[in-house]
Amino acid sequence: MTDKEYMKRALKLAEQGAGHTNPNPMVGAVIVKDGRIIGEGYHERCGDLHAERNALKNCTESPEGATVYVTLEPCCHHGKQPPCVDALIEAGIRKVVVGSADPNPKVAGKGNRILREHGIEVVEDVLREECDALNEVFMHYITTGRPYVVMKYAMTMDGKIAAFTGESKWISGEESRRHAHSLRNRYAAILAGIETVLKDDPMLNCRIEGGKDPVRVICDTKLRTPLTSRVVATANEIPTIIATCVPDITRYRPYEEKGCLVMYCREDRGRVALPDLMERLGDEEIDSVLIEGGSAIHGSALEAGLVRKVYTYIAPKILGGKEAPGPVGGRGFPSPDMGVQLKMLDQRQLGEDILIESEVIRDVHRDR
């Protein structure tokens, strides 16, 4: 096997940590000796052993003189776990092949330098693009301190997210809905608006086997979330944040008694200022936010320049109707060339639906 093939194996291992390592990165490691894999591991959960230490622990023979393939530069600082560079040095590793550089200022090339200072050969940037893509959330959060924001919606072929009656169950098919729950598992928090809560009384949890429920964040400018709503009633089981512009903290108490965290935010045009909310969520170590709101909150997030990625599920249906809502509301942009520009990353079929995954191009007209 080649270096790239071993790194692909490490990437597959790393992916198994999706949804459980936040706000830490997903990392996989493969240890090879005499052309044989003798150990492998991945970062399974935030606070647990890092990938390199897991791989060393799982070795079937002595790793002395072996080569380690790791998707992210080994750490060299004490956090919840001791430095991985120390473990590699003590194990007598001869060579380390690295995918991504770690942008964390506590590492940022220091890990590779320490390995070289101890006589270990280091090869960098093997499958760099794939390794960077795996940890796009971590890369964004560790360098900005703000969550990586993803927007998701399902719409018909004529661009409607609901009928003119407001009925929206179900626009998309079962496979699309299953995929949407995998996103809830992957990202740290899910964001919805008060209108969604009032209309649908959703749980906003993850309904896949072995999945992790995201932190639920409700944008509720005037603090209208019913105390009987499911998100409030289950706040002791699933962390729930209510973002509001109400300054009267005495109104917070009933929600706090139910287990909610009420977060005061600045107001912008009669709504929670989303940039301020993202700063506060970042302070809570929430590294990523999946927006599953209505058209108003989608429009606000796009206008604020917060969205980094968009998942669009397109169902082979036509609803029509001038009053039927589309996926993005708000004021909109004044001309086509001022609109949010997207780059399509992937397109696939999910049952009868089509999923398009796109990233927002950051430097078009409104670089933020």
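Rounded to the nearest angstrom and listed largest first, the equivalent-ellipsoid semi-axes of segment 1-152 from its Cα gyration tensor are 24, 16, 14.
The sum of -39500 (n - 2.57) across all DSSP H runs of n ≥ 4, divided by the residue count of the chain, sets its helix-only mean residue ellipticity at 222 nm to -7500 deg cm²/dmol.
For segment 64-218, the per residue solvent-accessible surface stands at 43 Å², with DNA, RNA and ligands left out and a 1.4 Å probe. Using Cα springs under 10 Å in a Gaussian network model of the chain, which residue among ILE161, ILE314, ILE38 shows the largest mean-square fluctuation? It is ILE38.
Dividing the mean sequence gap of close Cα pairs (under 8 Å, 6+ apart) by how many residues segment 1-115 holds gives a relative contact order of 22 percent. For LYS106, the lysines whose Cα comes closer than 17 Å to its Cα, not counting residues fewer than 8 places off in the same chain, are LYS80. Within segment 215-303, antiparallel bridges make up roughly 20 percent of the DSSP beta bridges whose residues both belong there. Using Cα positions and a limit of under 12 Å, work out the aspartates and glutamates in reach of LYS57, with same-chain residues fewer than 8 apart set aside. Once the sequence-local aspartates and glutamates are set aside, what remains near LYS57 is GLU40.
With r as the distance between the Cβ atoms of GLU167 and MET338 and R0 = 30 Å, compute the FRET efficiency 1/(1 + (r/R0)^6) and round to 0.05. E between MET338 and GLU167, to the nearest 0.05, is 0.35. Protection proxy ranking of 40-48, 205-213, 96-104, by the mean of other Cβ atoms within 10 Å over each peptide's residues and highest first, is 96-104, 40-48, 205-213. For segment 87-214, the square roots a ≥ b ≥ c of the C-alpha gyration tensor eigenvalues yield an a/c of 1.5 or more together with a/b exceeding b/c, which makes the shape prolate.
Restricting attention to the chain, close to 40% of DSSP beta bridges with both partner residues there are antiparallel. The charge dipole of the chain, taken about its Cα centre with unit charges on the Cβ atoms of Lys, Arg (+1), Asp and Glu (-1) only, comes to about 620 debye. With all protein chains in place and ligands, DNA and RNA left out, the 1.4 Å accessible area ranks ILE318, ILE142 as ILE318, ILE142, largest first.
In whole percent, how big is the carbon plus sulfur part of the accessible area of the chain, probe 1.4 Å, protein atoms only? That share works out to 48 percent. Prolate is the label for segment 47-97. Its Cα gyration tensor axes, ordered a ≥ b ≥ c, give a/c of at least 1.5 and a/b above b/c. Calculated on the Cα set of segment 1-72, radius of gyration then Dmax: 11.6, 36 Å. Our note on the geometry: Cα centres of segment 60-134 and segment 137-197, 35 Å apart. Considering all different alpha carbon pairs of segment 193-310, the Kirkwood hydrodynamic radius works out to 14.6 Å. Per residue, the accessible area of segment 231-315 comes to 41 Å² when a 1.4 Å probe rolls over the protein heavy atoms.
The distance between label points at ASP283 and ARG113 comes to 3.3 nm (points 7 Å beyond Cα on the Cα→Cβ vector). For the chain, a Gaussian network of Cα nodes joined below 10 Å ranks THR250, THR225, THR312 by mean-square fluctuation, and the top entry is THR250. Placing unit charges on each Cβ (+1 for Lys and Arg, -1 for Asp and Glu) gives the chain a dipole about its Cα centre, and among ILE114, VAL137, CYS260 the Cα reaching farthest toward its positive end belongs to CYS260. Quick one: helix 3-15 against the long Cα principal axis of the chain, what's the angle to the nearest 10°, folded into 0 to 90? Computed tilt is about 40 degrees. Using C-alpha pairs under 8 Å with a sequence gap of at least 6, the mean separation divided by the residue count of the chain gives a relative contact order of 15 percent.
The values are calculated or read from the model by the stated rules, or taken from the named source; none is laboratory data. Keep in mind the model is a prediction, meaning the values are calculated, not measured. Because the Cβ atoms are built from the backbone with ideal geometry, glycine has one as well, and the counts that use them run over all protein chains shown. The area values use the complete protein model at the heavy-atom level, side chains included, leaving out ligands, DNA and RNA. Shrake-Rupley method; radii C 1.70, N 1.55, O 1.52, S 1.80 Å.
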